[in-house]
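The values are calculated or read from the model by the stated rules, or taken from the named source; none is laboratory data. Predicted model, so just to flag it, every value in this text is computed and none were measured. We place every Cβ from the backbone using ideal geometry, glycine too, and count neighbours over all the protein chains shown. Accessible surface areas use protein heavy atoms only, side chains included; no ligands, DNA or RNA. Shrake-Rupley method; radii C 1.70, N 1.55, O 1.52, S 1.80 Å.
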Amino acid sequence: MNRHTHRLSRVIHEKPFCICQAASVLSIFHNDIIAYVLNLSIVLGQFSVIFNLAYFKNFGYNEIIFKFFMLKELPKIYNPKDVEDSIYKKWEESGFFNPDNLDTKKDAKNYCISMPPPNVTGVLHMGHSAMLAIEDILTRHHRMKGDRTLWLPGTDHAAIATQTKVEKILKEEGINRHELGREKFLERVKKFAQESHDTIEGQIKKMGSSCDWSREAYTLDETRTKAVRSVFKMMYDDGLIYRGDRVVNWCPRCHSTLADDEVEYKEQKTKLYWIKYGPFVLATTRPETKLGDTAVAVHPSDKRYKDMIGKKYNIPGVLGDFEITVVGDRSVDSEFGSGAIKVTPAHSMVDSEIAERHNLPARKIINEDGKMMDNCGKYAGMTTKEARKEIVKDMEKMNLIDRVDEKYDNKLSICYRCDTPIEPLPSLQWFIDVNKKIPSRDNKTIKELSVEAVKSGVFGREKINIYPERFEKNYFHWMNDLKDWCISRQILFGHQIPVWYKDKEDITSVLFLRHGQTDWNVKSIMQGRKETDINETGRKQSEEKIDIVKEFNPDIIISSPLRRTLDSAKIVANDEFKVVTDERIIERSYGEIEGLHVSEIQKKFPEAESFTREGGGTPYLIKAPGVETYRQVFDRIEDFLKDIAKKYKGKRVVVMSHTDPLDMSEAIIEGLPWKDAIGSWHDNGRIAKFLIKNEKDELVCGKDFNNSQNIYVGIDKPKGKRWVQDTDTLDTWFSSGLWTFSTLASSPEQIKIENGKLVIDSDDFRNFHPTNVLETGYDILFFWIARMIIMTTYAIEDIPFQDVYLHGLVLDEKGKKMSKSKGNTIDPLEMIEKYGTDATRLSLVIGSTPGNDTKLSEEKIAGYRNFTNKLWNISRFIIGSRELKEEKLDDKNLTLADKWILGKMKNLIEDIDKDIEEYKFSQAGEKLREFTWNDFADWYLETSKFEENKQEKDIILVMILKDLLKLWHPFIPFVTEEIWGQMNNGDLLMIEKWPDNSFYKDIEGSSDNEFEKVIDIISAIRNARAENKIEPAKKVEAIIYAGKNLDLIKSQKILIKSLKTGIENLEIKKSGKIPEQAIKIVENGAEIYLIGAIDKEKEKKRTMKEIENLEKYIKGIENKLKNKVFAERAPKAVVKTEKDNLKNSEEKLKELKNI
RNA sequence: GGGUCUGUAGCUCAGCUGGUUAGAGCGCUACGUUGACAUCGUAGAGGUCAGCAGUUCGAAUCUGCUCAGACCCACCA
C-alpha cells in the first residue's frame, strides 16, 4: 500500500490532470479510490485535482467542501450522540470485554468485579449509573494495566418487586392475578422480566460499561437455580434450614411474608387507647387485637404488680369475658404507660416472644387477608381497621375505655414494596437458623463466620475491607443482632423451594368442591333432591376450578348423582379424570320444603326450627317436616369418608357435593360437633387427608400435614409418583447471596456438592473467585452484602470478595431522594442524550466521596460536558496543527516549559494510578481535570505556539496527549476512544497499555522546575494590566530587572512577551535605573516595570494593599520564629521553610517599598 | 433509646496520619472573539473553617461538650 501511495502522490503532484482525465474518460475509479485520491490531494494541497474530480464524478461542491473540512479538521464541537453507539459496538465486536480474548501475560493478575444485578423491574436510574461508572473505571483501569479483567454483568429477578409490578400492570388492564391462574400469570411475569431485562441491558451499554456480556447471568436461570437448590439442600442437611410455625411479618396485599429488614416504618399520628382491663388500665394502639389476648405482662420487679404475677383474671371484653394470665417479663418497661401490657401472642412479634418465654397459648384472630377471622363473632370478615372502629364503639358502650390520647406518635410498619401495613401473624414458614453451630464449619455459627470474615479474616483469607471503613461498625452491629432469617415467600415468581412432599402410603387425600350455582340458588329457593341445572355463572365457577383439580391430580372424582353436581364434576374433570357417583354425598332431602323460598318456610311450617350464627346472616334450617336432619347427613358423610379412606388408600379423590354435606364434612375434618360446622363451608376448595387407623378402624382426619407426609429436600424432583413441590418461593436475597460464585459457573453441571461443601468446577471460578471488589450503594449493605458473606462463607468456605466499596445515594440538587412521585428524577438516558455519556459519568464520579450522598443537578452534568468539549478541542488543535509523530526526544533542545510539563505528567501518572487503586475516583478525576485544563491547555499549549523547538514540541504534545487519553479513558471512555481513532492510532484505546512514567522520569530537570516562576511573572503582569485598566489590545513596553534570576528570565523572554502580556518591547537586565511613569511589579525577586498608560492612583493603591498583606504575613512568621518553644520543638524542616519564607517576603517587601 | 455521619466562599464539595497567606468547580464582577475551544480566554471579589473549651510550640485537622441537620437500627405497648 505504501508503495502505491507514494506513486500516486507523485502522480498527483506532477500530473494532476492525468488523474482527472483518467477518471473522466475511463470512469474506472471506484468510489473508494476516488475518496482515497481526494484525501491524498487535500494533504498535498492539490486543489485542482479536488475540483476536477468533483466535476467529473458529479460530486456537489457542498459535499466536496464538507469532505475537505472533515478530512482536514475535526468538528469544532464534540458531539457525543454521533459517535457513542458506534464506538460501543466497536468495543463489543472486538471481543475484549471478555478476558479470554485479551492478550494478557501468562502470569497476569486476575481481576474480577461482579456487577450488582439490577432488578428486572423497570429502568435504570442515576444510582445504577453511578455504580456502572465506578465499576467501569475500575475495570478499564485494570484491563489497561494488563490484568486478566472480568466484569460480570447480570440481572436479578427481584421476586416481590417484579410480581408487584406485573400485578399493577394487570390491574390497569382489568385482570386479576387469580383469574389468570398460576401458569399464565407466571408467563406474563416472565415476559415482562424479559422485556425489562432487554431495556436494562441497553441502558447498561449506553453507560459505556465494558462488561463481558458472554458471561451474563440471571438469578433465575438454570445454573443459578442449581446453585440455589444445592445450597438449600446443604443447609437443610446441616440443620440450618428449618420449618417453623412462628409469627412473621405478613403483607396482606402481597400475600406473603417479609424478612425483618424488608419492613419499613412510617411516622404517623394515631390514637392511643387507655382501656380498662380487669384490674389493669393499659394503653394500646390496636384495641382489636384484644380478641387475641391471652396474658398481661409486667416487669418482674414492678412493685405495683408484683403480687399479681402468676395469677389469672377474667377480663370483660366485647365478646364476653375471657381469661388471661399475668406474667413477669423483663422486656416490659415499667416507666412507660401504666407499666402493664396486654399480650397478643399471635399478632405481635414482641408478644410472641413473651409468650414463648412463658409458654402462653396463642389465639389467631386475623387471617392472611388482614381480616378478622370467624372466631371474632360479629366482627368476623371486617378488616382490622373496620374492626377497630366497631370494637372501640362497643367498648365505649360497655365503659371499657378509660381515655384516649388523640395524637400519639407512632411508627406504623409497612411493606417496603407496596406500603401496605404489616400484619404480624403466625404462619408455617422456612427459616435459616443463624445461631446454630455447624459441626462441619468448626462448630461456628453462620453469624460467627460472617463477623470473622470482616474482623480478622476466615479460611486463610485476609479480612474483607469495607470502604469507607465506618460501615464495618454498622456491619458488626447488624450481624450481632441478626435473628433467624425467614426465607419463604408466598409469591409465585421466584425460586420455588426445593422441598417435595408426598403423602404417606395409608393416607387418602380428598379435595372437596361444591357444584356451580343454579338459578334456584340465586333466588334463595330451597333445593334438595330436585334436579336443576347450573347456570352460566355456575359453569364459570366450575371452570375456574379446573386448574386446582389438575394440580391436585386426583385418581378419581366422586360426585353426588344429581345433575348439577355431575355436570360440575365433568367440567372440572376436563376429560382428564374419571368421574363416578355416590348416593351418600347427595344433597339433603328437603321433603315438603323443596321448592319454597327461604322466607316462606316459617309461614308454611311455623314449627320449623332454624339457627342463625352469632353476628347474623342467613338462618339455617335445622328441623322441619320430612326434612333430613343434619345428624343424618353427618352420619352418611362419615360413612362415605370411611369407605373411601379404605377404598382409595394412598390415592387422591375429588368430592363434588352440596353445601350441607360439605358443611358436615367440615365438621368431620375439624373434629367439631355437627352444629358448629353449619354454614362454615367456604367455596374455595379444601383439601383434607384421612387415615384409617388399623387397630380401631377409626376415621382420622389428617389436619397435621407434617405427620401425614414424607418430605424430600434436594436438587431435583424425587423419583416416584405423587411428589408435590412446596409452592412457596425463596426470598430473592437467598439467590443473590450466592451471586459472586454462582455467576462463575457456566452450566449447572459445574455446580456440585462434595463433602458437605459446594464446589464450582470451572476455570472462571478458579481464576476469579474471590472477586476483587464489590461495589454498590451503602443502602444494601445489610440486604445484600451481609447475605453474600453469610452464604459464601458457609457454602464454599471462602469470602465472596476482598474489598467492598460503598458509594452514596444520588440525590437531587436539593438533597432529596429522587423519586418518580416527587418528579425530581434526573433520567440518565435523557442526560446522555443531551450531554453525552462521558459528561454524565464524570458528574457522578467527581465531587462525590465514598459512602456519602451526592447531589446531582443538570448544571453539573452540563459543566462536565464543557470539559469533554475542552479535551476534544485540545486534541483538535494538536491533531490539526502538529505532525503526529512518535520519535525519540532529544533532551538537549527542551525548553523550561517542556521539562515542566513532562515533570508534571510524571507525577500525574503516579497519582492517578494510586488514587484509582485506593478508590479515590473523585480525587483522580479532579487531578486529571486540573492538569488537562490548567497546566496542559492553558499554559503548555500556549507556549507551544511561540517557542521554536517545533520538532520536540510535536513529539511532546502528541506523547502527552496520548498518555492523557489513556489516563482519562477509564473515566470518559467514549470521547477518548474517538480522539484516539482520529489520531489514526491503529488499535482500540481500550486495550492500550496504561502509561508508564519511567519515560518521564528519565528527563533531566523535569522536577524542581522553575517554570512556575515564569508563570507567576506572567500572571503578575496580566494582573497589573487588568488592575490598571490597560486595554487588552494596547501594547506596552517593559523592563525587567531580574537580579539573580537573570538567566532564567532571559531564557523565557519570548513567553513573557507573548503570553497575553501585551508587551511590545521587552528589555531584561540584571538591574538598572527605575524608569519614570511605570507600573512596578515585584515577583520572584524580579522587578518588572510596565511603561506608559498608568493610573498612578490605582497603582499606588494596589501596591499599598500588597505591602499591607505582606507585612501582616511577615509579622506572623516573625512571631512564630521568636517563640523559643517553637524553635526548640518544631521539626527542623518546618523551621527552615519558615525562615526561607521570611527571607523571601522581606526581600519582596523591600523592593515594593523602593519606589 | 442505641448507633453512624455531616456542618469549610452565594451553591456543590476537596483539604489523608496537626505546620498552606485555607483550595477547586459552578455562580458573581470587569474586560476580551488574534484561527483549538464563547460548551472559550484573562483578571478579580468572596471564608473568625457551626459554637465553646481543652491538648499542643502550632488546630479546619486531635479530644470533650453545645447547637443544627441527615441517615441506620431497635422499641413504642
Cα lying deepest toward the dipole's positive end in chain A, options A:Ile571, A:Val549, A:Phe734, charges on Cβ: A:Phe734
Probe 1.4 Å - accessible area at A:Ser427, Å² to nearest ten: 20
Nearest-10 value in Å² for the accessible area of A:Met234, using the 1.4 Å probe: 10
Helix axis angle, A:1011-1027 relative to chain A longest principal axis, alpha carbon, degrees: 90
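Find the accessible area per residue for segment A:173-277; the probe is 1.4 Å, ligands and nucleic acids are left out, and the unit is Å². Spell out each step's value before the answer.
Details: 4680 Å² over 105 residues.
That works out to 45 Å² per residue.
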Largest to smallest accessible area among A:Arg636, A:Arg243 [probe 1.4 Å]: A:Arg243, A:Arg636
Table column - 3J(HN,Hα) (Hz), segment A:469-483, Karplus curve with 6.51, -1.76, 1.60, x for Gly and Pro: 4, 4, 5, 4, 4, 4, 4, 4, 4, 5, 5, 5, 8, 4, 9
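Over segment A:517-574, what is the relative contact order in whole percent, taking alpha-carbon pairs under 8 Å and six or more residues apart?
Values: 52 pairs, mean separation 22.2, N = 58.
With pairs under 8 Å counted, the relative contact order is 38 percent.
How many percent of DSSP beta bridges within chain A run antiparallel, rounded to 5? Don't jump to the answer; show the numbers that get you there.
Details: 84 of 128 bridges.
Approximately 65 percent, going by the DSSP bridge assignments.
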Alpha-carbon Rg/Rh ratio, for segment A:492-618, with Rh computed the Kirkwood way: 1.08
Average accessible area per residue (Å²) across segment A:909-970 - probe 1.4 Å, nucleic acids and ligands excluded: 34
Cβ-placed point charges (K, R +1; D, E -1), dipole of segment A:307-382 about Cα centre in debye, nearest 20: 200
C-alpha center-to-center spacing [segment A:818-880, segment A:383-439] in angstrom: 46
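Under 1.5 on a/c is rounded, so check that first for segment A:510-575, then, if it is not, pick prolate when a/b is larger than b/c and oblate when it is not; a ≥ b ≥ c are the square roots of the alpha carbon gyration tensor eigenvalues.
Details: a/c = 2.42, a/b = 1.73, b/c = 1.40.
Taking the square roots of the gyration eigenvalues as a ≥ b ≥ c, segment A:510-575 is prolate.
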Using alpha-carbon coordinates, inclination of helix A:159-172 to the longest axis of chain A, degrees: 80
Cα-based Rg of segment A:981-1027 normalised by 2.2 N^0.38 Å, two decimals: 1.99
Farthest toward positive dipole pole in chain A [+1 Lys/Arg, -1 Asp/Glu at C-beta], among A:Val655, A:Gly244, A:Val1134: A:Val1134
Volume of the Cα convex hull of chain A, divided per residue and given in Å³: 295
Mean separation of Cα contacts under 8 Å, 6 or more apart, over the residue count of chain A: relative contact order %: 11
Heavy-atom surface of segment A:707-801, accessible at 1.4 Å and reported per residue (Å²): 35
0 to 90° range, to nearest 10: angle between helix A:384-397 axis and chain A longest Cα axis: 60
Alpha-carbon Debye profile of segment A:941-1069, log10 I(q)/I(0) at 0.10, 0.11 Å⁻¹: -0.50, -0.58
Cβ-based net charge around A:Ser450, under 10 Å, with every Lys or Arg adding one and every Asp or Glu removing one: +2
Span from the segment A:883-901 Cα centroid across to the segment A:748-770 one, whole angstrom: 54
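Share of chain A's accessible area from carbon and sulfur, percent, 1.4 Å? Don't jump to the answer; show the numbers that get you there.
On the way: 26300 of 55110 Å².
Roughly 48 percent, rounded to a whole number.
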Between segment A:546-561 and segment A:219-290, the alpha-carbon center distance in angstrom: 34
Dipole-positive endmost among A:Phe999, A:Ala839, A:Ile438 within chain A (Cβ charges, Cα centre): A:Phe999
Radius of gyration and maximum dimension Dmax of segment A:65-217, Cα, Å: 20.5, 67
Solvent accessible area, Å² - A:Lys1124, 1.4 Å probe, full protein context: 150
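Treating only the Cβ of Lys, Arg, Asp and Glu as charged (+1, +1, -1, -1), what charge dipole size does chain A show about its Cα centre? Round to the nearest 20 debye.
Values: 182 positive and 188 negative charges, 460 e Å.
Value, rounded to 20: 2200 debye.
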Over chain A: helical MRE at 222 nm, DSSP H runs n ≥ 4 each giving -39500 (n - 2.57), nearest 500: -13000 deg cm²/dmol
